[in-house]
Amino acid sequence: MTEPDRGTDFEAFVLETSAAFSRVARAEAGGDLHSAEDAVQVAYMRMFTSWEKIVGGPETGPPTAAPQSGMR
């Protein structure tokens, strides 16, 4: 995966998941918006450094926003 592809895939993932991650982080932070934003930024920074491992290679693409399970 080239650096531009990696960045583009990751950007798409962030755009798709940021609202959900922010809601969960805010709930976990007891409603503290600033702590929630910090937690989400740290999580995304950690994911970006391991993005190739997370996506499993160029043929699989970025992960979906929510795991496919019986919960809806």
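The values are calculated or read from the model by the stated rules, or taken from the named source; none is laboratory data. Fair warning: this is a prediction, and the values are worked out from it, not measured in the lab. Accessible surface areas use protein heavy atoms only, side chains included; no ligands, DNA or RNA. Shrake-Rupley method; radii C 1.70, N 1.55, O 1.52, S 1.80 Å.
Overview of values
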{"quantity": "Residue check, Gly7 on the phi > 0 side of the Ramachandran plot and modelled with pLDDT under 95", "calculated": "no"}
{"quantity": "Matching residues in the range 25-47 - criterion: being on the phi < 0 side of the Ramachandran plot and open to solvent by 70 Å² or more (accessible area, probe 1.4 Å)", "calculated": "Arg26, Ala27, Glu28, Leu33, His34, Glu37, Asp38, Gln41, Met45, Arg46"}
